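Since the structure comes first, as C-alpha cells, the remarks are kept for the end.
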Amino acid sequence: MIGPQENEISLRRRWGVPLGVAAGVAAVSVAAVFALGGTGEAGTSAADPARGGAGPANPASAPGASASHGATSGGSGSAPSSPSSPSASRATSSKAADFTITDGTTTPIDAGSISRILSSCLGPDASQYHAVIAERMPLASSDTDGVVVAVNSAKQYVQCQTKGNKGQSQDSPPTFINDRLWGTGHTVEYFDSMLQPAGKGKYLMLGAGHYTSGVAKITISYGNDPKQYPARMAGGAFVYGAALSSDAPPSAHFMGPDPYVHAYDASGKEIYNQAKDPRFTSEK
C-alpha cells in the first residue's frame, strides 16, 4: 500500500517545471490544481546548477537513439526513429549520493496494447491520435509500468501513463501539456514527470517532453551523478525511465534525485542543459 508520504513523492514528480512558473497556469487544469496543492514542482525543488551538469558525459560515448523532426517546428532533422527500438542501454549500478540507478532500459510496447492504452486513456478521442513513443519502464510501480506519447493532426501531444493495457493521463484535458508554460521557441519543453515507489527501497522515475528539430540526441542525468542515460526519441517527443534504489537509511524521507535533461546537436555539441536553465535554477 502506498502511504501519504509516498503519494507526495509521486505528485511532486508530476511537474518538470519550477513551482513559481507553474502556479501561474494552475487554474487551467484540474489535475494541475491538485498537483500544485502544496506539493511543489516536479523534481526541481532542490535543483542545483552544479548537479547533473558538471562534467557531462561525452555524447559520442553514450548509446543514444536517433532523433526526428520536432512535431511543432520546421527545419531539417534526422529520420524518425522506430518506436520498436529500446530507449537505453542497461545501467550498471550508477551510484551517487543516496541513490543507485539500477536499470536505465525501456522496451517497446506492442501495437495491440498501444491501441487499448490510448482508448482507455483518451476515450472517444483516441481515434484522433497516433502513438509516437510507447515504452515499458524497467520497473513497475503499483499503478505505472510504462508511457505512451501520442500526437494528433493539430500536433497536440498527450502523455498516457500505463499499467498493463490500461492508460491514464495526469492532465485535464490531456492536451494541457502542450506549451503550457513558455510556448514555442525553446530547445526543450517538458511534459509530465514523476517518481513512484515500486517496492521496499525501490523507485520508478519517468518523464517525457518535446524537442525541436535541431536536437539530435537527448540524455538524462540524475542528481549529482554526471553519468548520462539516453532517452527514447521519436516524432518530436522524448521519454525516459529508470529504476533506482535508495541508499538512504530506512527512516529517511527519500525524495529521489532530480533528473536533468541534456540536448545535443548533430555534431555532438551540448546545446541545452536543464541544470543550467535559469527557469529552474532561479527557483532555488
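The values are calculated or read from the model by the stated rules, or taken from the named source; none is laboratory data. Keep in mind that what you see is a predicted model, and the values were worked out from it rather than measured. A quick note on method: Cβ atoms are made from the backbone with ideal geometry, for glycine too, and the neighbour counts reach across all protein chains shown. All accessible areas refer to the heavy atoms of the entire protein, side chains included, with ligands and DNA or RNA removed. Shrake-Rupley method; radii C 1.70, N 1.55, O 1.52, S 1.80 Å.
Here is the figure for region 106-133: residues that are closer than 12 Å to Val158 by Cβ and either buried (at least 17 other Cβ atoms within 10 Å of the Cβ) or within 18 Å of the chain's Cα centre (by Cα) (or both) total 9. Residue-level analysis places Asp258 outside the set of residues that are surrounded by fewer than 24 Cβ atoms within 10 Å (Cβ to Cβ) and of a type in the set (Asp, Glu). Could you go through region 244-260 and let me know if any residue there is aliphatic (A, V, I, L, M), over 12 Å from the mean Cα position of the chain (by Cα) and closer than 30 Å to His130 by Cβ. There is no residue in region 244-260 that is aliphatic (A, V, I, L, M), over 12 Å from the mean Cα position of the chain (by Cα) and closer than 30 Å to His130 by Cβ.
Filter region 159-178 down to residues that are open to solvent by 40 Å² or more (accessible area, probe 1.4 Å) and touching a Leu at 6+ places or on another chain (Cβ under 7 Å), then give me how many there are. Within region 159-178, residues that are open to solvent by 40 Å² or more (accessible area, probe 1.4 Å) and touching a Leu at 6+ places or on another chain (Cβ under 7 Å) number 0.
When Leu206, Leu195 are screened for being within 30 Å of Ser153 (Cα to Cα) and under 13 Å from the mean Cα position of the chain (by Cα), only Leu206 passes. Would you point out which residue out of Gln168, Gln156 is closer than 18 Å to Met233 by Cα, touching a helix residue (DSSP H, G or I) at 6+ places or on another chain (Cβ under 7 Å) and polar (S, T, N, Q)? Testing whether each residue is closer than 18 Å to Met233 by Cα, touching a helix residue (DSSP H, G or I) at 6+ places or on another chain (Cβ under 7 Å) and polar (S, T, N, Q) leaves just Gln156.
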